[in-house]
Amino acid sequence: MREIIRGRTPVRRACSAWLFACGAALAVVGGNAGAQSNGQAWGSYETPFAATSAWNSRPVGPRFGDFVIPKSDYYPSIAEGAWSTGVFLAGADDAPVTVVGLPNSKGVWDPDAAVYRTVAIPRWPEGVIPASAADGHADIVDPLAGIVHSFYKLRQSEGQWMAAQYAWTRLDGRGWGDPAHYFQGARAAAVPTSGGLMRKHEIDDGRPLYRHALAMSLTYNALSPNPTYVFPATSADRDAATTNTGQIPEGALVMLPPEFDVQTIRTAAVRKVAETLKTYGAYIVDRNRGTPYVIYVENGSGFSLHRGGWNTVAAADLERIRMGLRQVVSVEGWVDGSERPVEPDANLNLLSMRGPWTRQSGTASGSFETWEQAVVFAPAEGTTVMVNSSGRSLHPVAWALPVAGQGYRLRAIATGGARLRLQLRDKASGATLFDSKELNNDEVADFVWPAGTVTPVVSAISGAGGASTVRGELLRTGQ
């Protein structure tokens, strides 16, 4: 049954259980939510992401699993360097740079658009230095665009910048992917490498802890093969299901329980990290080889626990933390970075406008623009209809798969007279199980997700005359 509602109608969002494994989430709405006590605004270069982001929020009453991160080939690590990242600030006077693919590649892989391409960055700061190891991480923060550009295997050769992969996230947003824009950074968990990073301006700021969750990687014997990731992560290493042997999925939050005695940590720099792990914890965002855990520090910070030689005291402190860390399996609540309660919610947009698109009628083809998350049409006299029947418009994020019998609401978000249409077709027979018809801007269609294997078919219809854009929002309704 289809119901068109003229104008936007609020959707009541349901709160599910607090279990991470069941996809519990922070209700993060993006946008700047004031400033920290140190005067830095949320969603800025020094304080990225919204106050309500999982990175900037802390759990209340966490409960823990029993699994202990195992030993591996090396000692645990808190470090900048070859496998970490730099965070570079773009300014209004910085020149644009076009990043191309690595030699003998099809281009830079853009997982959001699911295409190989070149990437034109409008402002590229001087002094960008990718991390020196194979991952070649670097994040560029552009406050003018409100974007964090995140690169994998970035390097420069004979004046040309090239990379294997590019993704982006909103500087004032969640700092994590969502089902529609599922890959938002260069880490395996689809987050920017600046997320959770111990930043250079924080290390000697006089505070007893870092005011955000930290970013951590584990090795194979700690990471889970099933599930490979949980909310808020939207991805994991490609071979995680066949090579991991542990119990902690990417996206999980690990913490030191309240009874952990931080005073047993003798190294001041490690004690500050331990205090953070008791209050905010660390999210598992990547996998490493042979190190029980790595906590990442911004390159160029000068942070080193082993300056001048091996520090046996610091190594013992890191081991003590390893033995104490536990995965958070449930919480009583959350408090955001501005000390406000945050309600959990996993009801995030499911519908992407990524291609491939085929022009069904008209003369001026529209194309997916990742920074707008929309299909964009140039001015044309008549209308153009673009159709995507590939199924890629609904990415299979494990904790957000549509459920048969559940209610959903589709809303069109369009400019210049563009329209949106969604059809759900039975994969076996091709029969149309739902048809929203053409929706103008802010019109919605309510429906119940059909049973069986369903293929989404999305149509983007341009406006006539001027430029136009169209995208959609697909949210769960009811309980």
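One table, with the values for the structure above:
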| read-out | value |
| --- | --- |
| The chain, helix-only ellipticity at 222 nm - DSSP H runs n ≥ 4, -39,500 (n - 2.57), divided by all residues, nearest 500 | -2000 deg cm²/dmol |
| Among 352-360, 157-165, the order from most to least packed when residues are scored by Cβ within 10 Å on average | 352-360, 157-165 |
| For the stretch 269-333, the spread of Cα positions along each principal axis, largest first, Å | 44, 23, 23 |
| For the stretch 142-176 versus the stretch 71-119, the gap between their alpha-carbon centres in whole angstrom | 6 Å |
| Protection-proxy order for peptides 324-332, 271-279, each taking the mean of Cβ atoms within 10 Å per residue, highest first | 271-279, 324-332 |
| DSSP-defined antiparallel bridges as percent of all bridges, the stretch 80-180, nearest 5 | 75 percent |
| Listed peptides 42-51, 130-139, 88-97 by packing density, highest first (mean Cβ within 10 Å) | 42-51, 130-139, 88-97 |
| Ratio Rg/Rh [Cα only; Rh per Kirkwood] for the chain | 0.98 |
| Candidate lysines - alpha carbon under 24 Å from Lys106, same-chain residues fewer than 8 apart omitted | Lys153 |
| Of all DSSP beta bridges in the chain, antiparallel share, percent nearest 5 | 80 percent |
| Gain upon complete extension [Gln360, Asp73; 0.36 nm per residue less C-alpha separation] | 97.6 nm |
| Karplus 3J(HN,Hα) series, Hz, for the stretch 441-451 with 6.51 cos²θ - 1.76 cosθ + 1.60 (x for Gly, Pro) | 3, 6, 7, 10, 9, 9, 7, 9, 5, x, 6 |
| Crossing angle, helix 312-324 versus the chain [Cα axis fit, 0-90 degrees, rounded to tens] | 50 degrees |
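Coordinate-derived values only; no laboratory data. All figures in this text were calculated on a predicted structure; none of them were measured in a lab. Cβ atoms come from the backbone with ideal geometry, glycine included; neighbour counts cover every protein chain shown.
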